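J.: Quick one: structure below, then a few questions.
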Amino acid sequence: MSDLRPEGKGGTPTAERPGTVHWAGRRRHWFPFDPVRLWLGATFEREMEAGRAFLWLPVLFGIGILVYFALPAEPSLAALAVVSLLLGVASWTARTRLGLFRVLVALTVVTLGAGVMKAR
């Protein structure tokens, strides 16, 4: 799969739309940022295995602050609180699915960073 060609069973090319790849038995569309996404995922996985995931929380919080200042219009505190609460509940319910849990926790912390800036 290094050349990202469509492959059928047994590694033989199939007659599908260009840009479609099979990965883990599922069909996916290839995007130009897939190598970056895979590199970033592998980097975060190494951080998790090394026990340094907690150190990323202040970074994500700071990204939330930057997002708040980059928004074209100021969001309401109630909206940020509701989104933070919904993301927190979603991450709690997705705690058995590790990848989804990590993404939801990261989004929750980013939203909390924006919410704290609004409250301040």
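The values are calculated or read from the model by the stated rules, or taken from the named source; none is laboratory data. Quick caveat: nothing in here was measured; it's all calculated off a predicted structure. Here Cβ is always computed from backbone atoms with ideal geometry, including for glycine, and neighbour counts include all displayed protein chains. Just the protein is used for accessible areas: all its heavy atoms, side chains included, with ligands, DNA and RNA removed. Shrake-Rupley method; radii C 1.70, N 1.55, O 1.52, S 1.80 Å.
J.: Regarding region 48-61, can at least one residue be identified that is open to solvent by 70 Å² or more (accessible area, probe 1.4 Å), free of Cβ contacts under 8 Å to residues at least 40 places away in the same chain and of a type in the set (Asp, Glu)?
T.: Yes, region 48-61 contains a residue that is open to solvent by 70 Å² or more (accessible area, probe 1.4 Å), free of Cβ contacts under 8 Å to residues at least 40 places away in the same chain and of a type in the set (Asp, Glu).
J.: A follow-up question, please. Identify all residues within region 81-120 that are farther than 23 Å from residue 70 by Cα and of a type in the set (Val, Ile, Thr); write none if there are none.
T.: 89, 93, 96 - these are the residues of region 81-120 that are farther than 23 Å from residue 70 by Cα and of a type in the set (Val, Ile, Thr).
J.: Can you tell me how many residues within region 84-103 are of a type in the set (A, V, I, L, M, F, W, C) and open to solvent by 70 Å² or more (accessible area, probe 1.4 Å)? Outline the logic, then answer.
T.: Keep residues of region 84-103 that are of a type in the set (A, V, I, L, M, F, W, C), which gives 85-87, 89-90, 92, 94, 98, 100-101, 103.
Remaining after also requiring open to solvent by 70 Å² or more (accessible area, probe 1.4 Å): 85-86, 89, 92, 98, 100, 103.
Of the residues in that region, 7 qualify.
J.: Condition test on residue 120, is it without any contact (Cβ under 8 Å) to a residue 12 or more places away in the chain, closer than 20 Å to residue 44 by Cβ and not acidic (Asp, Glu)? Explain how you work it out, then say what you get.
T.: Details: without any contact (Cβ under 8 Å) to a residue 12 or more places away in the chain: yes; closer than 20 Å to residue 44 by Cβ: no; not acidic (Asp, Glu): yes.
It is false that residue 120 is without any contact (Cβ under 8 Å) to a residue 12 or more places away in the chain, closer than 20 Å to residue 44 by Cβ and not acidic (Asp, Glu).
J.: Also, quick follow-up: Kindly establish whether residue 73 is assigned to a helix (DSSP H, G or I) and open to solvent by less than 80 Å² (accessible area, probe 1.4 Å).
T.: No, not satisfied.
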